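Engineer: Take this structure first; my questions come after.
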Amino acid sequence: MNRKTIALSLAITSVVAIAYAQDVSLPISGYDVAVASDGSIKLPDTSFRTEWTQLGSWTVNGEDGAEGMHIVYTQPGVVEAYLETGAFPDGTVLVKELRGASTEDLTTGRVSYAAELQGWFVMVKDATDKYPDNPLWGDGWGWGFFEAGSPQMLVTEDYKAECIACHVPAQETDWIYVRAYPALAME
């Protein structure tokens, strides 16, 4: 096969995977648990820590160890759909819980671990542009941030001004840093 044929095959495969992912029905719809009737984002019930899949964790490093931990969860069915299609299904919810970190020397060596709760980022996959005039929605996702002290109060007002810049390096993977999530590894 020549390069044009390979490129065309890859493009068609990507379109088919994305179309299929849009049709996947999740057991728990993100629109039910993370979107209010007016299209604003809301933090799902905290049972996501015990009932959802942990995709992976990030460590925010400082000079003397970790300064923070980011732990990412998604609802049932997302990992299976992603592994099958290579795309996040419509209604996927990603909850990134932000925590401070503590570092200390233990018998196993210098360790850092998650500490005080700081807040949550919540994203909801929107494959069909359901809220085109809402500044919380765009680029295929709904975007929101909640502080630990006020989990019911959405802080984000405009995802373009407050969220998208951090995701630009992950634009090619649907704005998500999938390389950090072992559960999504297509090995």
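Engineer: Using only Cα atoms, find the angle between the long axis of helix 3-23 and the longest principal axis of the chain, and express it within 0 to 90 degrees, rounded to the nearest 10.
Structural biologist: 70 degrees
Engineer: Contact order normalised by length for the chain, with contacts defined as Cα pairs under 8 Å and 6 or more residues apart; what percent is it?
Structural biologist: Details: 348 pairs, mean separation 35.6, N = 187.
Answer for the chain is 19 percent.
Engineer: Hey, another quick one. Contour minus end-to-end for residue 107 and residue 183, with contour as 0.36 nm per residue of separation and end-to-end as the Cα-Cα distance?
Structural biologist: 24.4 nm
Engineer: Which value at 222 nm does the chain reach when only helices count, each DSSP H run of 4 or more adding -39,500 (n - 2.57), with the total divided by all residues and rounded to the nearest 500 deg cm²/dmol?
Structural biologist: Dividing the helical sum by the residues of the chain leaves -6000 deg cm²/dmol.
Engineer: Extension gain residue 61-residue 84, at 0.36 nm per residue separation less the Cα-Cα distance, in nm?
Structural biologist: 4.9 nm
Engineer: Using θ = phi - 60° and the Karplus form 6.51 cos²θ - 1.76 cosθ + 1.60, what ³J(HN,Hα) does each residue of segment 56-64 get, whole Hz, x for Gly and Pro?
Structural biologist: x, 9, 10, 10, 9, 8, x, 5, 10
Engineer: How long is segment 68-187 along each principal axis, judged by its Cα atoms, biggest number first, in Å?
Structural biologist: Result for segment 68-187: principal-axis Cα extents of 53, 38, 26 Å.
Engineer: Grab the beta carbon distance between residue 162 and residue 139, set R0 = 22 Å, and tell me the FRET efficiency rounded to 0.05.
Structural biologist: 0.95
Engineer: Here is a further query. For the chain, which whole percent of the accessible surface, found with a 1.4 angstrom probe, sits on carbon and sulfur atoms?
Structural biologist: 52 percent
Engineer: How far, in nm, would the chain grow between residue 171 and residue 47 when pulled straight, counting 0.36 nm per residue and subtracting the alpha carbon separation? Walk me through the intermediate numbers first.
Structural biologist: On the way: separation 124, 0.36 × 124 = 44.64 nm, distance 2.94 nm.
Gain on extension, residue 171 to residue 47, equals 41.7 nm.
Engineer: Amide H to amide H, which residues 5 or more places from residue 142 or on other chains are under 5 Å from it, using H placed in the peptide plane?
Structural biologist: Correct list: 124, 125, 126.
Engineer: Once both labels are modelled 7 Å past Cα along the beta-carbon direction, what's the residue 38-residue 150 spacing in nm?
Structural biologist: Each label point is offset 7 Å from its Cα along the Cβ direction, giving 1.4 nm.
Engineer: Among the lysines in the chain, how many pairs, 8 or more places apart or on different chains, have alpha carbons under 22 Å apart?
Structural biologist: Counting lysine pairs in the chain gives 8.
Engineer: If amide H atoms are built 1.01 Å from N in the plane of the peptide, which residues on other chains or at least 5 residues away come under 5 Å of the amide H of residue 56?
Structural biologist: Here 72 satisfy the definition.
Engineer: Now a separate question. Ranked highest first by average number of other Cβ atoms within 10 Å, how do 59-68, 100-109 line up?
Structural biologist: Result, highest mean first: 59-68, 100-109.
The values are calculated or read from the model by the stated rules, or taken from the named source; none is laboratory data. None of the values given here were measured: they were computed from a predicted structure. No Cβ is skipped: glycine too gets one built from the backbone with ideal geometry, and neighbour counts run over all protein chains shown. Surface accessibility is based on the protein's heavy atoms, side chains included, excluding ligands, DNA and RNA. Shrake-Rupley method; radii C 1.70, N 1.55, O 1.52, S 1.80 Å.
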